[in-house]
Every structure is written in C-alpha cells, then in structure tokens.
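The values are calculated or read from the model by the stated rules, or taken from the named source; none is laboratory data. Owing to the predicted nature of the structure, the values given are computational and were not obtained by experimental measurement. For neighbour counting, all protein chains shown are included, and Cβ atoms are generated from backbone atoms with ideal geometry for every residue, glycine included.
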Amino acid sequence: MIRVTLPAHLRKLAHVEGEVKLDVDGQVTQRSVLDALEVRYPMLRGTIRDHVTQRRRAFVRFFACGEDLSHEPPDALLPDAVAKGAQPFMIVGAIAGG
Amino acid sequence: MSGIRVLVGTRKGAFVLTSDAKRERWNVSAPLFAGWEIYHLKGSPADPNRLYASQSSSWFGQIIQRSDDGGTTWHQPGTPPGEPTTTPDGMPKGESNKFVYDTSSETGKPLTTHQWYDGTPHPWEFKRVWHLEPSLHDPDTVYAGVEDAALFRSTDGGQTWQELPGLRGHGSGASWAPGAGGMCLHTILLDPSNPNRIFTAISSAGAFRTNDAGKTWQPINRGLHSLYIPNPTAEVGHCVHRIAMNRSRPGVLFMQKHWDVMRSDNAGESWQEISGNLPTDFGFAIDVHAHEPETIYVVPIKSDAEHFPPDGKLRVYRSRTGGNEWEPLTKGLPQSDCYVNVLRDAMAVDSLDKCGVYFGTTGGQVYASADAGDSWAPIVRDLPPVVSVEVQTLP
C-alpha cells in the first residue's frame, strides 16, 4: 500500500481528505504511483503532470523521506520506505504568495 | 416572476449573485472553487441550469467545471462525484481539462510557432481557458477561447475538447504575438441569425470571422489603426480588447480596442472609429443594450500605462447614437479616489425591461444598474479582483 499526500486544492478536486492509499503493481516509481493515482482519481489528470508530455508541472514538487525527488527520473525506484508504506510520497505545490 | 443570476469570476474563486426582477436585494453565494482563478463562467442560452466555468491555477493548470442545476452543484465533466469515473474498459470518461492543439496535416496546416514578445518564433503552449461560450441551441456544445490563442469546441458537455484548427491555420498564425496579458482568444460571438458565422478576437492578433462554422477563417481588421505595430493598418496584429453585438442585429459589431472604440456595420468587413467625445478611448469592456441596438456602454481607462479611470472617477459612458456622442454615467459610482480597472469580460447586460447593466472591478466591486445605466449601486464591494461578469435572465 502506497501512501500519497496531495495539496489541499487537489484533495478537494479528488473529493478526498487526508492521505490517499494506493495499490501499485510492480515497481514503485514516480510514474507507477502517478499512473495509479490518476486511474483512481481521473479528475487529477493534467493537474500534476502534463496530459501529453507527462512532464511534472513546474510548480509541483515530489518529496519523500526528507528528500526532494522532483528531478529524479520518472522510472527511478522510490525509496523503500515509500514502497512499504512507511513514509508517504508527497505531492507538494510550490509555496508562493498572492 | 423572473429573476437575475450574475456569474462572477475572480482571481480567487467564483460567486453567484441572485436577485428577483426588481434587482434591489441580492444574495451573494459563498465562494465556489475557492483559491482558484476563475477567468469565466457562462450559462447555456438553451438551458439556463447548465453552467460552465473555467478554473485554473499556475500550480495545477486548467480545470473545467459544469453545473446542471443552476450553480448549486458542480463537477468536472465526466467525473461526477459518486459515479464511476472510468468506462468498463478502464478509460477515463472525461478529459475535460485536456486541450491539445491540432497538428495533423489533414485538418489544418501544422503550426508549431507564433511570435514571442521579442519577435522570435515561440512554440504554441496551452496555458488556460479565457472564455467559454455555450452554443445558442445545444447545452452540450460549448466553445472555449484559450491562451495561447486558439478556439476549441466540446460537443459532449465539456467532457472532451477538439480544436477548430482552421483559425490558427488560416495563414497569419505564425505572425501572431502576445499582448501584455498573454496571447489569448477572449471573445467568441455566435451569430443568432446564422449558425455558421462566428466572430472571435485575439490579443494581440485582431478579430476573425468564419462563415462555415469554424472550418475556415479570415481576419476582419480593415479600418483598425494601431501605432504599436510596424504597419499601423496591417491585416493582423491589432490588440482587440473586446467585441460586442446586439442579438437582434448581429451584423453590427462594436469593439473596444487597445485605444479606439470602433464599430462595423458589415459583420467586420470594415470598421469606423466612434470614440467621439470620450475622455479617453482606452479601455477593456464594451457591451450593448439588450433592447436598443444603438445604445452601447464602455468604461474609459486612462491609458495603456495607467489602468484606472481618469481623475479617479469611475464613469461608465453610454452612447445612444451608436457611438461618437457619449454621456458619462456617474450616479452611484465613486467619483473620487477610485483607481480600479474593469477587465474585458467584466461587463454584461440582462434582458429585462428596463435593461440591467453590470460590471465588476479589480477592486472587488460588482456594480449593477437596473435602469440602463442611469443609476448604479454595488451588489457587493469586497470580492477578490473581478475577472468576468456574466448575467442570466431567468424565466
């Protein structure tokens, strides 16, 4: 079971509260986690990564286990603690005013 | 008894303002889509309970919202809460925020670049939906004007969108350049007398018309004069801020340009300046009285460098002669220390008798006049900056 935290705006779009828990088949990577997230919550398609290029949106970052994983390759394995559900995969919106 | 529903898009959410036909007492909704930029909301003329909203943010991109009950509940088309969001074979039912430019060789000339601010080629990049224009006849058909400038259409209630590529591909697209607010397609006018005729306007490319339901397009900018482009009378490159029409006379168009108020009596074939005695002919919004096609409204703004009313006085100007002769409308509007702007999509009229006129400001006020502009009162004073105002006259 993979734990994913979403920023408030995306929790509202997905109609969820708190962490999202996902089953991910095979290797646990950014891509497989986001694929599973978007299958479960199709309303999030296009909000985290581009519909076509699948690139992370500029103001979105991925954190886990105290590390910034935003620039890791999408098919790189996520930390063991994320794969085992001990730590969440955090999807974070950039901090900005306005 | 009929009523009025005012749909207000702001920098931090949407608001629905409702009143009976007297237009004296208003109910202001709680914010919808709080925290998101709502560039535009509009109701279907064919079904007033069908509303569409453009919700966007720099963080999470574009979202389309739809209401089927007059704004009480909303959902992303194809993903209503509590219902399956995928088809039996696992595909998403809706991709309502997927706006992908058409680059196929069959349906238009593949276009890869327009001009950037510095004149260099720049790839087309979708940023947001500026304007949603529901079909006059079918609640499930709706047009979207987007940045970077293009026209999209949905025929399934907003679940999926397809570009009408003939507009970008008609020949001048590679020379279009953005204005300060971005290269946006902000005006979509559907001709009530001819379902094949659509007018659009783009900042800062100009106005365009199709006579074949969007397959082919032509620029309609003859008579426009713009000193900020190398050739002031070029076929394209004019920063049109807004076009308006009266539904009873769709061949007559009124335009607020980046400087100059213009009119066309031949569906855009040519334009004449009608700025007349306006204190300044810079501005963004323009609209036409619902029952008097020669009565038009603008909100003069001091200049392209100073986006607020001249002398700190918020004045709507009305012409009852189709332009050139203008009168200031001030009763109920602040006449000192007012430095707000009124953006291009932030003025609308109702179709009651007397015609109501509405506009919103970047200071968060929404003003209404129930007597065609003779007097004004704020419906609400302290919203986030207002981006758009639309009005529904309910049966």
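For segment B:28-43, the count of residues that are modelled with pLDDT of 95 or more, surrounded by fewer than 21 Cβ atoms within 10 Å (Cβ to Cβ), within 19 Å of residue B:357 (Cβ to Cβ) and not hydroxyl-bearing (Ser, Thr, Tyr) is at least one.
Considering only residues that are touching a residue at least 60 places away in the same chain (Cβ under 8 Å) and of a type outside the set (Gly, Ala, Ser), which ones fall in segment B:284-320? Correct list: B:284, B:286, B:287, B:288, B:289, B:291, B:292, B:295, B:297, B:299, B:316. Among the residues of segment B:264-284, those identified as among the aromatic types (Phe, Trp, Tyr) and farther than 11 Å from residue B:223 by Cβ are B:282, B:284. Kindly establish whether residue A:76 is in contact (Cβ under 8 Å) with a residue 24 or more places away in the chain, within 14 Å of chain B (Cβ to nearest Cβ) and surrounded by fewer than 18 Cβ atoms within 10 Å (Cβ to Cβ). It is false that residue A:76 is in contact (Cβ under 8 Å) with a residue 24 or more places away in the chain, within 14 Å of chain B (Cβ to nearest Cβ) and surrounded by fewer than 18 Cβ atoms within 10 Å (Cβ to Cβ).
Scanning segment B:302-332 for residues that are closer than 18 Å to residue B:366 by Cβ, out of contact with any Pro (no Cβ under 6 Å at 6 or more places or on another chain) and not charged (D, E, K, R) returns B:308, B:309, B:316, B:329, B:330, B:332. Hey, can you tell me all the residues within segment A:1-44 that are farther than 19 Å from residue A:71 by Cα, in a loop (DSSP other than H, G, I, E, B) and more than 11 Å from every other protein chain (Cβ to nearest Cβ)? Passing the criteria: A:1, A:17, A:18, A:19, A:23, A:24, A:25, A:26. Just so you know, in segment A:47-73 the residues that are within 14 Å of chain B (Cβ to nearest Cβ) and among the aliphatic types (A, V, I, L, M) include one that is surrounded by the fewest Cβ atoms within 10 Å (Cβ to Cβ), and it is A:58. When residue B:21 is tested against (1) buried (at least 24 other Cβ atoms within 10 Å of the Cβ); (2) in contact (Cβ under 8 Å) with a residue 40 or more places away in the chain; (3) more than 22 Å from the chain's Cα centre (by Cα), just one condition goes unmet, and that condition is (1).
Yes/no per residue for (1) polar (S, T, N, Q); (2) touching a strand residue (DSSP E or B) at 6+ places or on another chain (Cβ under 7 Å):
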site	(1), (2)
A:27	yes, yes
A:33	no, yes
A:40	no, yes
A:52	no, no
A:55	no, yes
A:62	no, yes
A:65	no, no
A:68	no, yes
A:79	no, yes
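Annotation note: of A:53, A:47, the sole residue that is in contact (Cβ under 8 Å) with a residue 24 or more places away in the chain, more than 15 Å from residue A:2 (Cβ to Cβ), part of a loop (DSSP other than H, G, I, E, B) and of a type in the set (Ser, Thr, Tyr) is A:47. Summed over segment B:65-80, the residues that are under 15 Å from residue B:95 (Cβ atoms) and touching a residue at least 24 places away in the same chain (Cβ under 8 Å) give a count of 4. Can you find a residue that is more than 21 Å from residue B:112 (Cβ to Cβ) and within 15 Å of the chain's Cα centre (by Cα) anywhere in segment B:221-240? So far as segment B:221-240 goes, yes, one or more of its residues are more than 21 Å from residue B:112 (Cβ to Cβ) and within 15 Å of the chain's Cα centre (by Cα). Screening segment B:3-85 for strands (runs of 3 or more DSSP E) wholly inside it with 2 or more residues that are farther than 28 Å from residue A:41 by Cα returns the ranges B:3-10, B:13-20.
Checking each residue in segment B:246-277 for being among the aliphatic types (A, V, I, L, M) and under 19 Å from the mean Cα position of the chain (by Cα) picks out B:252, B:253, B:255, B:261, B:262, B:267.
Residues that are in contact with a strand residue (DSSP E or B) (Cβ under 7 Å, 6 or more places away or on another chain), of a type in the set (Ser, Thr, Tyr) and assigned to a loop (DSSP other than H, G, I, E, B) do occur in segment B:293-304, at least one of them. Filtering segment B:278-295 for residues that are within 26 Å of residue B:11 (Cα to Cα), more than 19 Å from the chain's Cα centre (by Cα), modelled with pLDDT of 95 or more and among the aromatic types (Phe, Trp, Tyr) leaves an empty set. For first residues located in segment A:83-96 and farther than 12 Å from residue A:63 by Cα and at pLDDT 95 or above, partners that are crowded, with 19+ Cβ neighbours inside 10 Å and not basic (Lys, Arg) and lie 6+ apart or on another chain with Cβ distances below 8 Å form the pairs A:83/A:2; A:83/A:28; A:85/A:2. Considering segment B:236-267, and only residues there that are among the charged types (D, E, K, R) and without any contact (Cβ under 8 Å) to a residue 60 or more places away in the chain, the residue that is surrounded by the most Cβ atoms within 10 Å (Cβ to Cβ) turns out to be B:257.
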